[in-house]
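Data block below; observations after.
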Amino acid sequence: MGAPGRSAPPTLALVNVSKSFGAVRALQDVTLELYAGEVHALAGENGAGKSTVVKTFAGVHRPDAGEVRVDGEPVTFHSPADAQAAGVAVIYQEPTLFPDLSVAENIFMGRQPRTRGLPGLGRIDRRAMHARTAELFARLGVPLDPQQPARGLSIADQQVVEIAKAISRNARVLIMDEPTAALTGQEVARLFAVTRTLAKQGCAVLFISHRLEEIFELCHRVTTLRDGTYVGTDLTADLTPDDLVRRMVGRDLDALYPKQDVTPGEVALKVSRLTREGAFTDVSFEVRRGEIVALAGLVGAGRSEVARAIFGVDRWDAGSVEVAGRPLPPGSPTAAMAAGLALVPEDRRQQGLVMGMSIERNMGLTQLRSLRRETGRAGLISRRVERRRAEDWALRLQLKYSRLGDAVGVLSGGNQQKVVLAKWLATEPAVLIVDEPTRGIDVGTKAEVHRLLSELAAQDLAVLMISSDLPEVLGMADRVLVMHEGRLTAEIPRAEATEENVMAAATGRTATGKAA
């Protein structure tokens, strides 16, 4: 997408900005210019400095060196309120609305129009507030009801409410930090349409995403950071995805999907006519040792619910699950673990890790019994034994950390994912279930996770991978199982799997467009 012509200075810019936190240099001599009418991408691996850039623009951090400029003039943001007053708004991946208030009340919180003109006088003019909210949604081209409660809104609709709030404050710069991570394909398309509308209306947009295809579809230019340093700014039309990857990681990624050819062994996991009312119906499949089987489908198709039921987090109503030929009881994660199952959940922060606990302690949570046995003292765990095991897994998974005693919450998203994987691989499972294994992690770490999954399968582990990333599904799976509205609609071997036939099955239609 070509950049629009411009003669005015950038609406918002960082000029030769550096920022350190103690001994850690987060940004070094970074320049980034955002122009009205342009969607500008910020790319880089986790830890490259993207979050520090966002917080500097938003007034959370002040530069140690360099300048923040608005319309070409140096400014100092002492707080987020200063940045908001300058027209800067940030839309985060997970919006924070008041759930019991209406959409209109959320947008105009603290600024509600009154029946009399003077601030603080008169009653709230709800008719005027609803009318203004409707005008904002009309401007964005989104048919939301101003009186609808925020509770129950999808993440996509919540983001639109946050965008409407921003433009109601006359925001001139919109910063979108990983806004598509939890959205369906249709919701992403709508968000892109809203973003393009705002750019056409003169807004400057900074877009951050790990999905390279989104950067090339939406953005005019892209600035790349690596290890806190400025690599360069390019027109997306002048780059290929491989070019951008090289700028981000400093090397070629010859094998983003390093899938090894394997000969599947015996059946490790057998699911027969599994049903959970309201979630999924009559689901049957097998995963053999050495295989990576992908469970694909749109958000809400029931994939994660199947994984949770198999592992015993949720009880199933009918059907059966067998591991190595032995039946599992429903609703018992303890029995699933004892049988050789491991589950890496979709939400690593809420379900996979204890964020305030140390890296080494998180890795050891699934090994408490064996740690006690090795310690040799009833009920006690040796810190030395726990650390030795954690060091071994950190080395094997190429974990990037300062100290194993640090809280796991200080790690980047990709390294947090490695800790979750280490926690479960330490149980020496026969079947590994991974739900969205690379969501929210950068392209370099994504390649490392793919390499690890391929190596595990080559070592005879059975892998069931749930993913919404179609290139990942096609690049890593020996077979693709596709779900639609709680049912399996297709099983496609690797040689026959294409984006077209997977999406056809995921939407409940055949490749010819007829309902399945």
(message) Give me the three principal axis extents of the stretch 246-370 from the C-alpha atoms, as integers in angstrom, largest value leading.
(response) 51, 37, 32
(message) Using Cα-Cα distances under 8 Å and only pairs 6 or more residues apart, what relative contact order does the stretch 70-217 have, in percent?
(response) 30 percent
(request) Return one whole number: the accessible area per residue of the stretch 133-227 in Å², for a 1.4 Å probe. (result) 37 Å²
(request) Output ³J(HN,Hα) for the stretch 389-394: one whole-Hz value per residue in order, computed from phi by the Karplus curve 6.51 cos²θ - 1.76 cosθ + 1.60 with θ = phi - 60°, and x for Gly and Pro. (result) 5, 5, 4, 5, 5, 4
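Percent of accessible area on the chain owned by carbon and sulfur, 1.4 Å probe?
That share works out to 47 percent.
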(request) Compute the projected area of the convex hull of the Cα atoms of the stretch 33-110, averaged over all viewing directions, and report it in nm² to one decimal place. (result) 7.0 nm²
(request) Could I get the Rg over Rh figure for the stretch 278-437? Both from C-alpha atoms, Rh via Kirkwood, rounded to two places. (result) 0.99
(request) Enter the accessible area of H210 (Å², nearest 10), with the probe set to 1.4 Å and all protein chains included. (result) 20 Å²
(message) If you wrap a convex hull around the alpha carbons of the stretch 400-510, what volume per residue comes out, as a whole number of Å³?
(response) 124 Å³
(message) Output wanted: per-residue J couplings in Hz (rounded whole) for the stretch 461-474, from phi through Karplus 6.51 cos²θ - 1.76 cosθ + 1.60, θ = phi - 60°, x for Gly and Pro.
(response) 7, 8, 10, 10, 10, 9, 8, 9, 8, 4, x, 5, 4, 5
(message) When the expected Rg is taken as 2.2 N^0.38 Å, what fraction or multiple of it is the alpha-carbon Rg of the stretch 137-176?
(response) 1.16
(request) Convert 37 °C to kelvin, take the viscosity as 0.692 mPa s, use the Kirkwood radius over C-alpha pairs of the stretch 196-248 as Rh, and evaluate the Stokes-Einstein diffusion coefficient in µm²/s, rounded to a whole number. (result) 276 µm²/s
(message) Give me the extension gain from D227 to V75: residue separation times 0.36 nm, minus the current Cα-Cα distance, reported in nm with one decimal.
(response) 52.1 nm
(request) Over the alpha-carbon set of the stretch 261-323, divide Rg by the Kirkwood Rh and report the Rg/Rh ratio to two decimals. (result) 0.99
(request) Note down the Stokes-Einstein diffusion coefficient of the stretch 113-197 in µm²/s, whole number, using a Kirkwood radius over alpha carbon pairs, 25 °C, and 0.890 mPa s. (result) 173 µm²/s
(message) Can you compute the modelled spin-label distance between R326 and Y92, with each label point 7 Å from Cα toward Cβ, in nm?
(response) 4.5 nm
(message) List the residues, sorted by chain then number, that are 5 or more residues from A318 or on another chain and whose placed amide H is less than 5 Å from its amide H.
(response) T275
(message) Run the count for the chain, please: Lys pairs, Cα-Cα under 15 angstrom, 8 or more apart or on different chains.
(response) 6
(message) Rounded to whole Å, give me the distance from the Cα center of the stretch 61-131 to that of the stretch 189-244.
(response) 25 Å
(message) What figure, in Å² to the nearest 10, do you get for the accessible area of V262 with a 1.4 Å probe and non-protein molecules left out?
(response) 40 Å²
(request) At 7 Å along the Cα-to-beta-carbon direction for both T263 and R494, put a label point, then send me their distance in nm to one decimal. (result) 1.5 nm
(message) Keeping every protein chain present and rolling a 1.4 Å probe, give me the accessible area per residue for the stretch 383-455 in Å².
(response) 37 Å²
(message) If you take every DSSP beta bridge fully contained in the chain, what fraction is antiparallel? Give it as a percent rounded to 5.
(response) 55 percent
(request) Could you work out how far apart the two model spin labels at M355 and R246 are, taking each label as a point 7 Å from the Cα in the direction of the beta carbon, and quote it in nm? (result) 3.8 nm
(request) Please determine, in degrees from 0 to 90 and to the nearest 10, the orientation of helix 413-425 with respect to the longest principal axis defined by the Cα atoms of the chain, where the helix direction is its Cα long axis. (result) 10 degrees
(request) Could you tell me whether the stretch 168-320 comes out rounded, prolate or oblate from its Cα gyration tensor? Rule is a ≥ b ≥ c as square roots of the eigenvalues, rounded for a/c under 1.5, then prolate if a/b exceeds b/c, otherwise oblate. (result) oblate
(request) Could you order I163, I124 so the one with the most accessible surface comes first? Probe is 1.4 Å. (result) I124, I163
(message) About the Cα centre, and with charges only on the beta carbon of Lys, Arg (+1) and Asp, Glu (-1), how big is the dipole of the chain? Nearest 20 debye, please.
(response) 1560 debye
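Below 8 Å between Cα atoms, with a sequence gap of 6+, how large is the relative contact order for the chain in percent?
Computed value for the chain: 15 percent relative contact order.
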(request) With everything on Cα atoms, drop me the angle between helix 126-140 and the longest principal axis of the chain, reported from 0 to 90° to the nearest 10. (result) 70 degrees
(message) Nearest 500 deg cm²/dmol is fine: what mean residue ellipticity at 222 nm does the chain get from its DSSP H runs of n ≥ 4 alone, each adding -39,500 (n - 2.57), divided by its residue count?
(response) -9500 deg cm²/dmol
(request) With θ set to phi - 60°, apply the Karplus curve 6.51 cos²θ - 1.76 cosθ + 1.60 along the stretch 196-201 and write out the HN-Hα couplings as whole Hz, x wherever there is a Gly or Pro. (result) 5, 4, 5, 4, 5, 8
(message) If a paramagnetic tag sat 7 Å from the Cα of S402 along the Cα-Cβ line, which residues of the stretch 15-38 would have the backbone N under 11 Å from that point?
(response) 21-25
(request) Quick one: compute a quarter of the convex hull surface over the Cα atoms of the stretch 384-459 and quote it in nm². (result) 5.2 nm²
(message) Let's test this: bin the Cα-Cα distances of the chain at 10 Å from zero up to the farthest pair and state each bin's percent.
(response) 4, 16, 25, 25, 18, 9, 2, 0
(message) Can you compute the equivalent ellipsoid semi-axes for the stretch 1-71, i.e. the square root of 5 times each eigenvalue of the Cα gyration tensor, sorted largest first and rounded to whole Å?
(response) 23, 14, 9
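The values are calculated or read from the model by the stated rules, or taken from the named source; none is laboratory data. This is a predicted model, so every value here is computed, not measured. Positions of Cβ are generated from backbone atoms using ideal geometry, with glycine treated the same way; all protein chains shown enter the neighbour counts. Side chains included, ligands, DNA and RNA excluded: accessible areas come from the protein's heavy atoms. Shrake-Rupley method; radii C 1.70, N 1.55, O 1.52, S 1.80 Å.
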